[in-house]
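Below is one structure, written out as structure tokens, with a few remarks after it.
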Amino acid sequence: HPSQPKSTAMAKSMSSEKSQYSKASRLSDVGEERLRHCKDRRQRHQTPEEKKRSDALKTMLKKYDANRSGYLDRAEVARLLKELNDDVPVNDQELTFLFADVDKNNDGKINYHELEHLLQVWQSVIFEVDDVRKHMEIFDKNRDSKLQLPELAKLMQTLNGGREVPMEEVEAVMDACDKSGDGAIGKLELRHVLALWYERVEEVNRAESKSRSCAIL
């Protein structure tokens, strides 16, 4: 029959596709089973403290995830931080900074693992708020709650014991800490500036100490 070879070829093709689909399905099942196994194993090896922290994060994610997406968007993160901040809302610049620092895959959402990092960053901000506020009050001359490049240079000069800091160093700090990309340093970004500066001072002190030790030898 003239149509028989075509029908046979189609049947073979369908059989092959079905076999490939079945194989892919089995592989998918195996992958999901492995993921479940790894997750169960991690949960079994959690310390009581880790389990307590994990449960608290899941509860927090569920509480603020209004659309039940499994993630927190900017509005949901803003609501969470407002409640953590004694009902004082965070501004858009602060949110941009936090997302730039915490949202590692740049999808505009905070997942369970990123939420833990976000809370750690926010906690460190709360602890250092007095130091940040003090520097901002002194060096923010135009009162826009940001440090422009000349204002940042004055701050770094003060941190450097009154000695002027080369402009290329000031620009390097601006590039490293300006997470929002607006060409200025906001309150949250100032925390990074201070941390970067104190880290640099420690490195210089270690180098000088090593140099003195070598001179004595």
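The values are calculated or read from the model by the stated rules, or taken from the named source; none is laboratory data. On a predicted model such as this, the values are computed, not experimentally measured, just so you know. Because the Cβ atoms are built from the backbone with ideal geometry, glycine has one as well, and the counts that use them run over all protein chains shown. These area figures cover heavy atoms from the full protein model, side chains too; ligands, DNA and RNA do not enter into them. Shrake-Rupley method; radii C 1.70, N 1.55, O 1.52, S 1.80 Å.
Candidates in the range 83-108 are the residues that are in a loop (DSSP other than H, G, I, E, B) and β-branched (Val, Ile, Thr); of these, the one that is least open to solvent (accessible area, probe 1.4 Å) is Val90. Scan the range 141-170 for residues that are of a type in the set (D, E, K, R), assigned to a helix (DSSP H, G or I) and either touching a residue at least 60 places away in the same chain (Cβ under 8 Å) or within 15 Å of Gly186 (Cα to Cα) (or both) and report the count. Of the residues in the range 141-170, 1 are of a type in the set (D, E, K, R), assigned to a helix (DSSP H, G or I) and either touching a residue at least 60 places away in the same chain (Cβ under 8 Å) or within 15 Å of Gly186 (Cα to Cα) (or both).
If you go through the range 172-181 and keep only what is in a helix (DSSP H, G or I) and within 24 Å of Asp92 (Cα to Cα), you end up with Val173, Met174, Asp175, Ala176, Cys177. Applying a threshold of 8 Å to beta carbon distances and a minimum spacing of six or more residues, or different chains, the list of pairs starting in the range 109-138 at a residue that is assigned to a helix (DSSP H, G or I) and at pLDDT 85 or above and ending at one that is open to solvent by less than 70 Å² (accessible area, probe 1.4 Å) and among the hydroxyl-bearing types (Ser, Thr, Tyr) reads Met136/Ser145.
Taken over the range 95-108, the residue count meeting the criterion of being of a type in the set (Gly, Ala, Ser) and modelled with pLDDT under 90 is 1.
Within the range 194-217, is even one residue part of a helix (DSSP H, G or I), in contact with a strand residue (DSSP E or B) (Cβ under 8 Å, 6 or more places away or on another chain), at pLDDT below 95 and surrounded by 11 or more Cβ atoms within 10 Å (Cβ to Cβ)? No, the range 194-217 contains no residue that is part of a helix (DSSP H, G or I), in contact with a strand residue (DSSP E or B) (Cβ under 8 Å, 6 or more places away or on another chain), at pLDDT below 95 and surrounded by 11 or more Cβ atoms within 10 Å (Cβ to Cβ).
How many residues are touching a strand residue (DSSP E or B) at 6+ places or on another chain (Cβ under 6 Å) and open to solvent by 80 Å² or more (accessible area, probe 1.4 Å) if we restrict to the range 128-183? Count: 0.
Could you tell me which residue of the range 61-82 is surrounded by the most Cβ atoms within 10 Å (Cβ to Cβ), considering only residues that are more than 17 Å from the chain's Cα centre (by Cα), among the charged types (D, E, K, R) and at pLDDT 90 or above? Looking at residues that are more than 17 Å from the chain's Cα centre (by Cα), among the charged types (D, E, K, R) and at pLDDT 90 or above, I get Asp65.
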